Amino acid sequence: MKKDKKKRKKDDRRPASAKAVADARASVTRATQKLDDRLATLERVADGLETAAVERFQSEAVLELRDDQLLRDLADLQAAFTSREAGGLPAELEPFRHLPEAVLAWIEKRFGLAPHLEAGRVLQMPSEKLADFSLQGDRGEPPAGLLVRVRVLAPGWLRGKEVVVPPRVELVD
């Protein structure tokens, strides 16, 4: 019996067979591939969470800009400043001449906004389309089925293909 124990101990110290080594390597390779696959899945989930968080933040910020009418006010201020020639503003305002333009450009870039129509443009459309605009003036809305002309008073704002802020228009004869 002592001999058997010695033999077993001796067998345990024997180098592993080539098949056992190959099996172990294949097992490690499979485990590594599984780990790589799971890490790639985790990266995709993390990227999706990041994208969703950024989109949510930007959407909420754009709605606040719209609701607080900051886009409209900045565009109106820009129009007021550009309607005066250089040096035509009061001295304390002249240094801020390009501020509305710069802030609007930053907002456009940061939040994916784009102006929709330009001030002064005259459009002809069916009266039913007026619902897509912010109609100014006290003339009231014309009846359905008429062709109307409007002048754009202030541009609206698009985010992608969605109108976030409708352009302000007035009816013209």
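The residues of region 147-167 that are under 16 Å from the mean Cα position of the chain (by Cα), free of Cβ contacts under 8 Å to residues at least 40 places away in the same chain and closer than 16 Å to LYS129 by Cα amount to a single one, GLU162. In region 89-99, the count of residues that are within 27 Å of the chain's Cα centre (by Cα), modelled with pLDDT of 95 or more, within 28 Å of VAL169 (Cα to Cα) and assigned to a helix (DSSP H, G or I) is one or more. Taking the criterion of being within 10 Å of ARG151 (Cα to Cα) and not hydrophobic (A, V, I, L, M, F, W, C), the residues of region 121-135 that qualify are ARG121, GLN124.
In the set (1) on the phi < 0 side of the Ramachandran plot; (2) surrounded by 10 or more Cβ atoms within 10 Å (Cβ to Cβ); (3) polar (S, T, N, Q), GLN69 fails one condition alone, (1). Of everything listed in (1) over 19 Å from LYS161 (Cα atoms); (2) modelled with pLDDT under 95; (3) not basic (Lys, Arg), the single unmet condition for ALA131 is (1). Residues that are out of contact with any helix residue (DSSP H, G or I) (no Cβ under 8 Å at 6 or more places or on another chain), of a type in the set (A, V, I, L, M) and under 27 Å from SER59 (Cβ atoms) within region 123-162 comprise LEU130, ALA131, LEU135, VAL152, LEU153, LEU158, listed in sequence order.
Here LEU147 qualifies as exposed (fewer than 13 other Cβ atoms within 10 Å of the Cβ) and among the aliphatic types (A, V, I, L, M).
The values are calculated or read from the model by the stated rules, or taken from the named source; none is laboratory data. The shown structure was predicted, so the numbers you read here are calculated from the model rather than taken from an experiment. Glycine gets a Cβ as well: all are built from the backbone with ideal geometry, and neighbour counts include every protein chain shown.
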